[in-house]
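Working notes, beginning with the structure itself.
The values are calculated or read from the model by the stated rules, or taken from the named source; none is laboratory data. Model, not experiment: these values are computed from the prediction. Cβ sites come from the backbone with ideal geometry, for glycine too, and all protein chains shown count toward neighbours.
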Amino acid sequence: MSSIKIRSKRMDGNTQIRTLISHPMEHGRNKDKTTNKLIPMHFIQVLTVRHNGKVVAACNMGAGVSKDPYFAFMLKGGEAGDEIVIDWVDNLGNKDSATHKIS
Amino acid sequence: MMINRRKFLKLLLVIGTVGTGMWKTVSAAVGWPVSDFAPMNVDAATKQLLKGKTATETDKIELTIPEIAENGAVVPVTVSSSLEGIKSVALIAEFNPVPLAIQMFVTPDIEPTLSTRLKLAETSFVYAFAETENGWFSTRKKVKVTIGGCGG
């Protein structure tokens, strides 16, 4: 199952895009309580939002964003049936992407 | 094949070079600025983000964040702005080991509004920066954290 959930809502001609990603966002300073070893860094570095194939927003982030990050964007315009693609890349090179149709 | 000391050292060197090379390509490919997200204090992080420019304080950036955060690991924040020609929006937490939390590059097709959730290590100011065609603008708000975001 994809790690990304996307919801959209039309608001006064604009479209609100909300997304929830399941990701640990470890900053490398937390200790594993059972082994007493540091948990290595593991966080999303780049998140891109595409609207009908065109990049509308790109975020660079560090581990200062909470675990299971949530983002909300406000797209200007947006019609029913438009395609929103969100993808992320983390510091270990993992990536995921999800597609959503505005309803 | 016999591996003597000299050959072994050479091998180490080769592995080392290839290893660092690969790391660099991964970072460069995604365009993530390693130096912006290095652990440092807030002044250094601001300088690094602004690339030597100065930011003007403004009331045209709206930073919505609770004054008292019960849990520093999850602090909801919304930043929006009525400034013209915004290129990017960034959030910096004053006392976080890595102060820069997120920088969003916007296009004219999207409102310069971002809602997300931050980790805050302790009670500190949260700065919102906006980069426009006419330079950088900033605003800040103090957040009191009752449980730290570092303990996990």
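Would region A:22-30 turn up any residue that is more than 10 Å from chain B (Cβ to nearest Cβ) and in contact with a strand residue (DSSP E or B) (Cβ under 6 Å, 6 or more places away or on another chain)? Spell out how you get there, then give the answer.
First, pick out the residues of region A:22-30 that are more than 10 Å from chain B (Cβ to nearest Cβ): A:22-24.
Next, from what is left, pick out any that are in contact with a strand residue (DSSP E or B) (Cβ under 6 Å, 6 or more places away or on another chain): A:23-24.
Yes, that holds for at least one residue.
Check off (1) touching a residue at least 12 places away in the same chain (Cβ under 8 Å); (2) β-branched (V, I, T); (3) farther than 18 Å from B:V77 by Cα; (4) at the interface with chain B (Cβ under 9 Å from one of its Cβ atoms) for A:V65 and give me the number that stays unchecked.
(3)
Looking at A:D87, A:D82, A:D68, A:D96 in this structure, which one is within 21 Å of B:K87 (Cα to Cα), at pLDDT below 95 and either surrounded by fewer than 23 Cβ atoms within 10 Å (Cβ to Cβ) or of a type in the set (S, T, N, Q) (or both)?
Numbers: A:D82 fails: within 21 Å of B:K87 (Cα to Cα); A:D68 fails: within 21 Å of B:K87 (Cα to Cα); A:D96 fails: within 21 Å of B:K87 (Cα to Cα).
When all the criteria are applied, what remains is A:D87.
Among the residues of region B:28-73, write down those that are without any contact (Cβ under 8 Å) to a residue 60 or more places away in the chain, in a loop (DSSP other than H, G, I, E, B) and over 22 Å from B:S138 (Cβ atoms).
Once the filter is applied, which keeps residues that are without any contact (Cβ under 8 Å) to a residue 60 or more places away in the chain, in a loop (DSSP other than H, G, I, E, B) and over 22 Å from B:S138 (Cβ atoms), region B:28-73 yields B:G31, B:W32.
Looking at (1) facing chain A (nearest Cβ under 9 Å); (2) at pLDDT below 65, can you tell me which one B:D36 breaks?
Against the list (1) facing chain A (nearest Cβ under 9 Å); (2) at pLDDT below 65, B:D36 comes up short only on (2).
Among the strands (runs of 3 or more DSSP E) lying completely within chain A, list those that include at least 3 residues that are among the charged types (D, E, K, R). First the steps, then the outcome.
On the way: elements: A:4-11, A:14-21, A:44-51, A:54-61, A:70-75, A:83-90, A:95-101.
Passing ranges, in order: A:4-11, A:83-90, A:95-101.
Please determine, by comparing only the residues of region B:92-113 that are more than 7 Å from chain A (Cβ to nearest Cβ) and under 8 Å from the mean Cα position of the chain (by Cα), which one is nearest to B:A55 (Cα to Cα).
Per the criteria, the residue is B:I92.
Within the set of pairs 6+ apart or on separate chains, which have a first residue in region A:40-51 that is more than 10 Å from every other protein chain (Cβ to nearest Cβ) and within 14 Å of A:G93 (Cβ to Cβ), a second that is part of a loop (DSSP other than H, G, I, E, B) and at pLDDT 95 or above, and C-beta atoms under 6 Å apart?
Here the result reads none, with nothing in region A:40-51 linked to a residue that is part of a loop (DSSP other than H, G, I, E, B) and at pLDDT 95 or above.
Could you count how many residues in region B:68-82 are surrounded by fewer than 18 Cβ atoms within 10 Å (Cβ to Cβ) and farther than 21 Å from A:F73 by Cα? I'd like the intermediate steps shown before the answer.
Step one: of region B:68-82, the residues surrounded by fewer than 18 Cβ atoms within 10 Å (Cβ to Cβ) are B:68, B:70-71, B:74, B:76, B:78, B:82.
Cutting the leftovers down to farther than 21 Å from A:F73 by Cα gives us B:68, B:70-71.
Qualifying residue count for the region: 3.
For region B:87-97, which positions are of a type in the set (A, V, I, L, M, F, W, C) and surrounded by fewer than 22 Cβ atoms within 10 Å (Cβ to Cβ)? Step through it out loud before you land on a result.
First, the residues of region B:87-97 that are of a type in the set (A, V, I, L, M, F, W, C): B:89-93, B:95.
Scanning region B:87-97 gives a single hit, B:F95.
Search region B:115-130 for residues being more than 7 Å from every other protein chain (Cβ to nearest Cβ) and part of a strand (DSSP E or B), and hand back the single one that is farthest from B:V75 (Cα to Cα). Talk me through it step by step, then tell me what you get.
Within region B:115-130, the first condition is being more than 7 Å from every other protein chain (Cβ to nearest Cβ), and the residues that meet it are B:120-130.
When the remaining residues are screened for being part of a strand (DSSP E or B), the result is B:124-130.
On the way: B:S124: 12, B:F125: 13, B:V126: 11, B:Y127: 14, B:A128: 14, B:F129: 18, B:A130: 20 Å.
By that ranking, first place goes to B:A130.
Can you say whether B:F137 is crowded, with 18+ Cβ neighbours inside 10 Å, at pLDDT 90 or above and more than 13 Å from chain A (Cβ to nearest Cβ), as far as the supplied structure shows?
On the way: crowded, with 18+ Cβ neighbours inside 10 Å: yes; at pLDDT 90 or above: yes; more than 13 Å from chain A (Cβ to nearest Cβ): yes.
Criteria met by B:F137.
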